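Participant: One structure follows; several queries about it will come next.
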Amino acid sequence: MKFGICSFPGSNCDYDTLYVLKDLLGQDAKFIDVKNPQLLDFDCIIIPGGFSFGDYLRAGLIAAKTALGQEIYNFAQRGKLVVGICNGFQILTELKLLPGALLKNDPPKFICDAVYLRVENNSSSFTKRYSQKEVIKMPIAHSQGRYFATQETLKEIEDNSLVLLRYCGPEGEISKEFNPNGSLGNIAGIMNKEGNVFGLMPHPERACEDILSFRDGLMIWHSIIS
């Protein structure tokens, strides 16, 4: 597959993502220039984490207003695969490619930790290499990761099995105790109705090697490639 990695001013996980895709998995991957976005040749676009444009005004807002943001929107509308990680998830909600919003954590502080996640839907293009209800572990690092949506939107998300990942305990238990940021429904990652856009707050690109103590993120990339 041919992957494009969006690199905005302030992105800080773009090189990590390039390393995983190109060096570890042997895929065709390269950066996309924010000043000259050309997306037609790619099979999958990754929007990495970081603090695009310093997260001024609101996390992901300015990036969504750029020419690259518009190209990402058009790319997704053509049915191509798009993944937004952390700040990328925030950008996808600002682009209205995913429902809801990412608000300041509750309690309102930056969180850098490792969390357990339960795979809620393994029939998607992004999670099909996992088992249903499999418990995995990945790192998080964010201050605006609290997923929020109206009750109507939340019901639609749940009814259509759009939640792919949920914060959980080591045995897969879903409770407030294992919710690191106050996200509604312990939601850590969702996809759109069409199944081609995926946003998540945990960092799969930081969970691909034993030296990092995590390998559970690899299956997201293998799912996409397969």
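Participant: Considering 224, 190, which residue is surrounded by 19 or more Cβ atoms within 10 Å (Cβ to Cβ), touching a strand residue (DSSP E or B) at 6+ places or on another chain (Cβ under 7 Å), touching a residue at least 60 places away in the same chain (Cβ under 8 Å) and farther than 18 Å from residue 129 by Cβ?
Facilitator: 190 is the lone residue from the list that is surrounded by 19 or more Cβ atoms within 10 Å (Cβ to Cβ), touching a strand residue (DSSP E or B) at 6+ places or on another chain (Cβ under 7 Å), touching a residue at least 60 places away in the same chain (Cβ under 8 Å) and farther than 18 Å from residue 129 by Cβ.
Participant: Restricting to region 101-119, and then to whatever is assigned to a strand (DSSP E or B) and not hydrophobic (A, V, I, L, M, F, W, C), can you tell me which residue is farthest from residue 162 (Cα to Cα)?
Facilitator: My answer is 113.
Participant: Could you check, for region 138-160, whether at least one of its residues is over 12 Å from the mean Cα position of the chain (by Cα), at positive phi and outside any strand (DSSP E or B)?
Facilitator: No: region 138-160 contains no residue that is over 12 Å from the mean Cα position of the chain (by Cα), at positive phi and outside any strand (DSSP E or B).
Participant: A further question on this structure: Take residue 95 and tell me if it is closer than 26 Å to residue 15 by Cα, modelled with pLDDT of 95 or more and out of contact with any strand residue (DSSP E or B) (no Cβ under 7 Å at 6 or more places or on another chain). Explain how you work it out, then say what you get.
Facilitator: Working: closer than 26 Å to residue 15 by Cα: yes; modelled with pLDDT of 95 or more: yes; out of contact with any strand residue (DSSP E or B) (no Cβ under 7 Å at 6 or more places or on another chain): yes.
So residue 95 fits the description; yes.
Participant: Would you be able to tell me the number of residues in region 193-203 that are touching a Ser or Thr at 6+ places or on another chain (Cβ under 9 Å) and either surrounded by fewer than 22 Cβ atoms within 10 Å (Cβ to Cβ) or among the basic types (Lys, Arg) (or both)?
Facilitator: Result for region 193-203: 2.
Participant: Given the criterion of a type in the set (A, V, I, L, M), outside any loop (DSSP other than H, G, I, E, B) and under 23 Å from residue 188 (Cα atoms), identify the matching residue among 98, 21.
Facilitator: That would be 21, the only listed residue that is of a type in the set (A, V, I, L, M), outside any loop (DSSP other than H, G, I, E, B) and under 23 Å from residue 188 (Cα atoms).
Participant: Go through region 161-187 residue by residue and tally those that are surrounded by 17 or more Cβ atoms within 10 Å (Cβ to Cβ) and not in a strand (DSSP E or B). Step through it out loud before you land on a result.
Facilitator: Applying the first criterion (surrounded by 17 or more Cβ atoms within 10 Å (Cβ to Cβ)) to region 161-187 yields 162-168, 178-187.
Next cut, not in a strand (DSSP E or B) only: 162, 178-186.
Qualifying residue count for the region: 10.
The values are calculated or read from the model by the stated rules, or taken from the named source; none is laboratory data. All values derive from a computational prediction rather than experimental measurement. Counting neighbours? That spans all protein chains shown, and the Cβs are built from the backbone with ideal geometry, glycine included.
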